[in-house]
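So the structure is just underneath, and the comments pick up after that.
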Amino acid sequence: MSFEAIALNAAKSLAAIIMATLWEKGSKCLGNFSKNLDKKTQQTIFTASQQYIENYKERHGILKVLGMREPVELESVYTAVQFLDKWDIRRFESLESLEKAYRENRSFQPKNCPTQDGLKVANEKQFLMVIGCPGAGKSTFLRKMGLEALKGKQGGFAHECIPAFIELKQFTSSDIDLEKAITEEFRICGFPFPEEFTAELLAKGKLLVLLDGLDEVPAKVVNDAIAHIQDFVDKYDKNRYITSCRTAAYRHNFRRFTDVAMSEFDSLQIKHFISNWFQSEIDKQMGTAQKCWELLQKPENYAAKELAHTPLLLTLLCLVYDHSQNFPNNRSVLYRKALRILLEEWAAEKRILRDEIYQGMRTELEEILLAEIAYNGFEVDRLFFTQQEIVSQIKTFLAENLNAPKHLDGEAILKAIAVQQGILVERAESVFSFSHLTLQEYLTAQYITDHYKISTLVSEHLTDKRWQEVFLLVAGLMRGGADELLLMMEKSAQKYINTPKLQGLLNWSHQATDGSEGKFKSAAKRTGALFLALARDRALELASALNPNLTRVLEITRILDLARALNPRTPTRPSTPTRAFSRALTLAIAQELEAVKIFTSVNFTVLIARLEALKAQAPDFNQSYKVHQGFSNRVSLTWLNALKLNPDLVCLSDREFQSLEDYLYINLVLVRCKQAAMRVSPKTWEAIEGRMLLVSGD
């Protein structure tokens, strides 16, 4: 049904509620109007009802945020929200237990935390307090509940109520009057005697009072606002109420209200939101929503997907994708935009930049402060901070910065950042973290580039996978070029090829592939050879980064039935040559011969014949382990001899395997940093790629 048809029915329902209420009250309320509500009176009420619905739709039924060129209807992109069900982060006994729980799934919300449908809860609870972080969708939820109530029986709200949406930020002085504010909503639409029938609607419990943004009331009058709301609810307790407040600002002092916390968007909700966002005919034809969703699932975009759990930042991702049909390779651009939204744009749109903190604390200065806090924590592997620690850092920052405002204090700055911007979030009593680990990683990278700590980053964190995202962001932030970073990484990587066997392996991969006919770059060929020799998945990742086409044929080498038939009891250690043989045999049988062209002198036709002959000699499953091990060794030697690879070179110690893993990982991050960088010299990269997987001096 079109909105116009719904609006017509809604106007009839709204008018019916009003007229029924006035009919009960009679001439005392109607004044000069007849007691029987003549047709003229009825038409006046119906016309005013239509105007009320139109006003609500225009003011609260559309979204236009973050510089959107055109507004969109809230109904068209709305995704049903979930509330957390009886989950409280304060259950954690210590910072250590909080850290452990977070690291398990990179989220402050447990994976299997029970949730409840938002509309269902709103129908069940007469007094509802919705709390959540900035951009979590609190206001959108309240607006949507109003739209559902306006639809009457055709909507999802189960109670016969007229919604009255009040933005609490309008109350800037102690002269707070909710009844007057609601009356004004009816007056501007042309309802007769709005004071009288507003009072009567409230007395009869016919309103759904939506009080949005308790946190946006100026601090100097917030106590008066809370007291007035409490008194108003007590006086008109037959109505239904939904109030919203940011988590950090809520004081848990609304006696009648049930507190519920907004749940993060899960994957299904993210997909649904994206599907709703790209609903134009051309988007449907092009499959834009599906493409956007699939791109977000790729490993390189995992940090971007972390932002997508917040509706506000998911909106940013949709706008970015809509503009370019892709997410930027330079992820630092995306995260900087997300940070600025929380620091500046969102606060400006919500009109909350009235506190004295913002009169002296410029956005750039605040960003520098946050970067210092982020780096100091990340450096020692800390994601959570006590209030005392943060306040101490803020005070030191102000004292040591000649141009920082001296009239501000640490407590006030922390409160403003936590309450109004939500970049630092109070997770438990006096315990804070960044709202997204992605933002802490970005700010850490910003601190490193601002303070010229590139050499420290490489020397101390190059093989620590926790720092991989920071490396990529640093590369993207180096606007003068990331050449220095890449060269440092390349030099450090050579330190891990530190035994004769590892050096022999690299030399073999070069000799076995140099001058082969495959249409891949030399570094990709060497990586592919290492993968087929050792079955190292890290080599497969590096091959993918260097040349996706080579990866496609290498991935065909996953173990199939023939490989299992040859080696039913082969030890499962992932580094054994036998596993490499199994993958390569699968490749050959699948006739994906392009991959084997990375080698210069391997006769795969002869190899396949020998392996097929061995298959016929495979021992029965019930034979001894010693028999199976002997057969496995024969298979491995057949494979290694075909590759002209000395078997001793693949018999690595655990330490050598780890060194090789670290070496391949560094080269993988090196390639990804090149891809993430704003600028890299072609000459520098050509030289680095030419030396990749070669022993230094070759």
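Quick one: pull the percent of accessible area on region 134-292 belonging to carbon and sulfur, 1.4 Å probe, ligands and nucleic acids left out. Of the solvent-accessible surface of region 134-292, carbon and sulfur hold 48 percent. The slack in the chain from Asp409 to Lys491, taken as 0.36 nm per residue of separation less the alpha-carbon distance, amounts to 25.0 nm. Based on alpha carbons, the Rg and Dmax found for region 384-453 are 12.8, 36 Å.
Using the beta-carbon distance between Lys395 and Glu364 and R0 = 22 Å, what value does 1/(1 + (r/R0)^6) give for FRET efficiency, to the nearest 0.05? Step by step, r from the Cβ atoms, then E = 0.65. Extension gain, Asp117 to Glu281: 0.36 nm times the residue separation minus the Cα-Cα distance gives 56.0 nm. The mean sequence distance of close C-alpha pairs (under 8 Å, at least 6 residues apart), as a share of the length of region 441-497, puts its relative contact order at 42 percent.
What distance in nm lies between label points placed 7 Å from Cα along the C-beta direction at Val72 and Thr499? Calculated label separation equals 5.5 nm. In terms of packing, defined here as the mean over residues of other Cβ atoms within 10 angstrom, the peptides 676-686, 408-418 line up highest first as 408-418, 676-686. Of the solvent-accessible surface of region 397-526, computed with a 1.4 Å probe and all protein chains present, 48% belongs to carbon and sulfur. Placing dummy labels 7 Å off each Cα toward the beta-carbon, the span from Gln290 to Arg655 is 5.4 nm.
Here the gap between Ser455 and Ile188, fully extended at 0.36 nm per residue and compared with their Cα-Cα distance, gives a gain of 89.6 nm.
For region 128-207, the gyration tensor built on C-alpha atoms gives an oblate shape. Its axis ratio a/c (a ≥ b ≥ c) is at least 1.5, and a/b is not larger than b/c. When we measure straight from the Cα of Lys337, which lysines land under 18 angstrom away, once same-chain ones fewer than 8 places off are left out? Excluding near neighbours in sequence, the set is Lys64, Lys305, Lys350. Remark: spin-label model distance Gln170-Lys235 equals 1.7 nm, labels positioned 7 Å along the Cα→Cβ axis. Charge dipole of region 469-540 (Cα centre as origin; +1 on each Lys and Arg Cβ, -1 on each Asp and Glu Cβ, all else neutral): 160 debye, rounded to the nearest 20.
What's the carbon and sulfur percent of region 639-686's accessible surface, probe 1.4 angstrom, rounded to a whole number? That fraction is 47 percent.
The values are calculated or read from the model by the stated rules, or taken from the named source; none is laboratory data. All values derive from a computational prediction rather than experimental measurement. Cβ atoms come from the backbone with ideal geometry, glycine included; neighbour counts cover every protein chain shown. Keep in mind that these areas ignore ligands, DNA and RNA; they rest on the heavy atoms of the full protein, side chains included. Shrake-Rupley method; radii C 1.70, N 1.55, O 1.52, S 1.80 Å.
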